[in-house]
1. Can you list the residues of region 52-67 with backbone N under 15 Å from a point 7 Å past the Cα of His29, pointing along Cα to Cβ?
2. For region 5-97, what percent of Cα pairs sit more than 20 Å apart?
3. Helix-only mean residue ellipticity at 222 nm, the chain, DSSP H runs n ≥ 4 weighted -39,500 (n - 2.57), per residue, nearest 500. What is it?
Amino acid sequence: MSSDPAHAGARAVTHEPAARRFVHVEAGHVCVLEYALRDGVATFHHTEVPPAVGGRGVAADLVRTGLETARAQGWSVRPTCSYVAAYMRRHPEYQDLLAR
């Protein structure tokens with residue numbers, strides 16, 4: 001979870017590096033951000049939040065955790081998932097992570 005007041009409601013998201021995904025279970029529903037990693041570039045290619053728990057900010061928490069992990073690991077990010085790309089456009093603090 002983040003200590004940033006703007007993210008006070010952030011959920012605990014688990015990174016599963018062997019499975020190349022970030023996971024959060026919301027009300028019994030598994031929500032994921034999946035990625036591929038090659039040569040220091042994380043391609044964030046799929047975000048999935050079941051409709052039953054949509055609209056609660058789960059996808060944003062998954063992506064924020066993924067981006068913060070990328071920063072901590074020294075990875076750049078290639079957002080091929082439309083949600084991740086839109087999130088990065090809305091949050092300029094992550095522009096430095098974009099793969100060139």
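Read-outs: derived from the displayed coordinates by stated rules, not from any lab. Note that the structure is a prediction, hence the values are computed from the model and not measured. Methodologically, a virtual Cβ is constructed for each residue, glycine included, from the backbone with ideal geometry; neighbour enumeration extends over all protein chains shown.
1. 52-62
2. Working: 1240 of 4278 pairs.
Of all Cα-Cα distances in region 5-97, 29 percent exceed 20 Å.
3. -8000 deg cm²/dmol
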